[in-house]
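Trainee: The following block contains the structure, expressed as structure tokens.
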Amino acid sequence: MSRNIQPVTGMKDVLQSDRGLWQHVEGCARAVMDAYGYEEIRVPVVEHTELFKRAIGEYTDVVEKEMYTFTDQGGDSLTLRPEATAGIVRAAISNGLLRGARLKLWCQGPMFRHEKPQKGRFRQFNQVDLEAIGFAGPDVDIEIIALTARLWKLLGLTRVRLQINSLGTPESRKAYRELLQNYFRQHLDALDEDGRRRLEGNPLRILDSKHPPTQAIVGNAPVLTDHLDAESREHFAQLRAGLDELGIAYSVNPRLVRGLDYYSRTVFEWINESSGAQNAVCSGGRYDGLIAQLGGEQTPAIGFAMGMERVVALLMQAGQIPAAAKPDVYVVLNGDRASAMGLGLVERLRNELPQRRFEINLGGGNFKTQFRRADRSAAPLALIVGDDELARGVVGMKPLRQETGQTECPIEQLAQGIEAALASLGCA
């Protein structure tokens, strides 16, 4: 006997029972981003591997350990996208969208990282990604954070907390990098293999270490915000003042460095604290040097990525689950002529009442079976299309959620009759 094929480890199906919740999150995100003037862009799931190496940084976990990379039949090294920012920037450059323009873009879709699967972390995961390109800020930094705060409010999420930090400019980070290297060289015994390798390549990554002995010494390491250049300090001060003015609560986390090398100045994370374990639900920051790094002109930019699986999980924990979609009308068919004519009748009703959802009985079944299906559908109204009714030019109508008897409506007046019946049932 053949064995059932299981899904790939860390890659989950989104079943129809969860569809409504996912669509609710997607719809709310789209509505908020549209309201702030962001336009959707769709970029490929597969890009040249070099794009991510240049954008993300070779000393990051993503590039070193997590990318799904393969060589295609033409000999090119390709990678399933582990994040969306690099692809959006590549699209802006290769399609000539920059040239002094200011772009407000977003995309949505699957990302791929070969991580150890655990709660809230998958190998295929979905993100909403937003980018503002050509804005020097800090006003755009403030607006993007305000946009995310508005999204949480629309979704009814109250147990997310904002953390912010500044990474300064590459020049100020270079001086800080030397301070970190000198500090960690004094504690080599506390560094694991990854930490020793990153010590020369990118010591800021050591601050993200999950290795307990390394974490113990990170607490006394030099703090980046103490070594910012004057312009970055002013940028960060204006960011904080703007958030204060809008009443958006935050905490400054000087150890927040983000996992990708392209960030500069503002970085932020929205953290879920509801379960005791801190998980980033939405993370972002400014990447003023990335576009030049990938071959475009020097252009300021900022963006964020929101993890769909984590937001959906938060809504489920909070009980913020929208009601499942249900039909307005379930159509029961009784007789050979009714079965033959039923589909045509319902298609006509869909044309006349496009705002209403109709579900017609398919696959046969006796009268009792069909009414059980109608009841399970949660529709408030059933239409009974029978051979006897058709012979008299009428269709039966029966409320399914009230103890009300069946009535009849002339076929030529059926659309109006359905609307009147639904209105009487409180389904206007």
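Trainee: Using a 1.4 angstrom probe with every protein chain in place, what is the largest-first accessible-area order of ILE41, ILE5?
Mentor: ILE5, ILE41
Trainee: Please find the FRET efficiency linking GLN23 to ASP226, where r is the Cβ-Cβ separation and R0 is fixed at 41 Å, and quote it to the nearest 0.05.
Mentor: E(calc), rounded to 0.05, equals 0.35.
Trainee: Pulled fully out, how much extra length does the chain show between SER94 and GLU115, if you take 0.36 nm times their separation in residues and subtract their Cα-Cα distance?
Mentor: 4.5 nm
Trainee: Helix 308-318 versus the longest principal axis of the chain: what is the Cα-based angle in degrees, 0 to 90, to the nearest 10?
Mentor: Compared with the principal axis, the helix lies near 70 degrees.
Trainee: Ok, one more. How much length would be gained if the chain were fully extended between SER424 and SER251, taking 0.36 nm per residue of separation minus their Cα-Cα distance, in nm to one decimal?
Mentor: Separation in residues times 0.36 nm, less the Cα-Cα distance, equals 57.0 nm.
Trainee: Just to check I understand the Karplus step: with θ = phi - 60° and J = 6.51 cos²θ - 1.76 cosθ + 1.60, what whole-Hz values come out for the range 183-198, glycine and proline as x?
Mentor: 5, 6, 5, 7, 10, 4, 5, 8, 8, 7, 4, 4, x, 5, 5, 6
Trainee: Cα-Cα pairs above 16 Å in the range 127-205: how many percent?
Mentor: The calculated P(r) of the range 127-205 puts 68 percent of pairs beyond 16 Å.
Trainee: What residues have an amide H closer than 5 Å to that of ASP288, excluding those fewer than 5 places away on the same chain, when H is modeled at 1.01 Å from N in the peptide plane?
Mentor: Hits under the 5 Å cutoff: SER264, ALA301.
Trainee: Over the chain, give the accessible area per residue in Å² for a 1.4 Å probe, as an integer.
Mentor: 50 Å²
Trainee: If you don't mind, there's one more thing I want to ask. State the volume of the convex hull built on the alpha-carbon positions of the range 322-395, expressed per residue in Å³ and rounded to an integer.
Mentor: 88 Å³
Trainee: Enumerate the calculated ³J(HN,Hα) couplings along the range 146-159 in order (Karplus 6.51 cos²θ - 1.76 cosθ + 1.60, θ = phi - 60°), each rounded to whole Hz, writing x wherever the residue is Gly or Pro.
Mentor: Calculated HN-Hα couplings, in order: 4, 4, 5, 4, 5, 5, 4, 5, 5, 7, x, 8, 10, 9 Hz.
Trainee: Can you give me the P(r) profile for the chain? Cα pairs, bins 10 angstrom wide beginning at 0, each as a whole percent.
Mentor: The calculated distribution, bin by bin, is 4, 18, 23, 20, 13, 11, 8, 4, 1, 0.
Trainee: Next question. Pull out the extension gain between ARG42 and ALA415, defined as 0.36 nm times the separation in residues minus the alpha carbon to alpha carbon distance; nm, one decimal.
Mentor: 130.3 nm
Trainee: Under the rule a/c < 1.5 gives rounded, and otherwise a/b versus b/c splits prolate from oblate, where does the range 100-253 land using the Cα gyration tensor?
Mentor: Since a/c reaches 1.5 but b/c is at least a/b, the shape of the range 100-253 is classed as oblate.
Trainee: Give the dimensionless ratio obtained when the Cα radius of gyration of the range 180-337 is divided by 2.2 N^0.38 Å.
Mentor: This ratio for the range 180-337 stands at 1.53.
Trainee: Calculate one ³J(HN,Hα) per residue across the range 382-392 by plugging θ = phi - 60° into the Karplus curve 6.51 cos²θ - 1.76 cosθ + 1.60, and present them in order as whole Hz with x for glycine and proline.
Mentor: 10, 9, 10, 9, x, 4, 5, 5, 4, 4, 9
Trainee: Once the Cα gyration tensor of the range 1-157 is found, what semi-axes does its equivalent ellipsoid get, as square roots of 5 times the eigenvalues, in whole Å, sorted largest first?
Mentor: Ellipsoid half-lengths, sorted descending, are 29, 24, 14 Å.
Trainee: Starting from the Cα of ARG376, step 7 Å along the direction of its Cβ; do the same at ALA101; then give the gap between the two resulting points in nm.
Mentor: Simple spin-label model gives 5.1 nm for this pair.
Trainee: Right, another one. Which residues make up the longest stretch of the chain that has no GluC sites (Glu not before Pro) in a DSSP loop with at most 11 other Cβ atoms within 10 Å?
Mentor: Longest site-free region, per DSSP loop and neighbour criteria: 1-272.
Trainee: In addition: Can you tell me the convex hull volume per residue for the range 64-123, based on C-alpha atoms, in Å³ to the nearest whole number?
Mentor: 127 Å³
The values are calculated or read from the model by the stated rules, or taken from the named source; none is laboratory data. None of the values given here were measured: they were computed from a predicted structure. Using ideal geometry, Cβ is built from the backbone for each residue, glycine included, and neighbour counts are taken over all protein chains shown. These area figures cover heavy atoms from the full protein model, side chains too; ligands, DNA and RNA do not enter into them. Shrake-Rupley method; radii C 1.70, N 1.55, O 1.52, S 1.80 Å.
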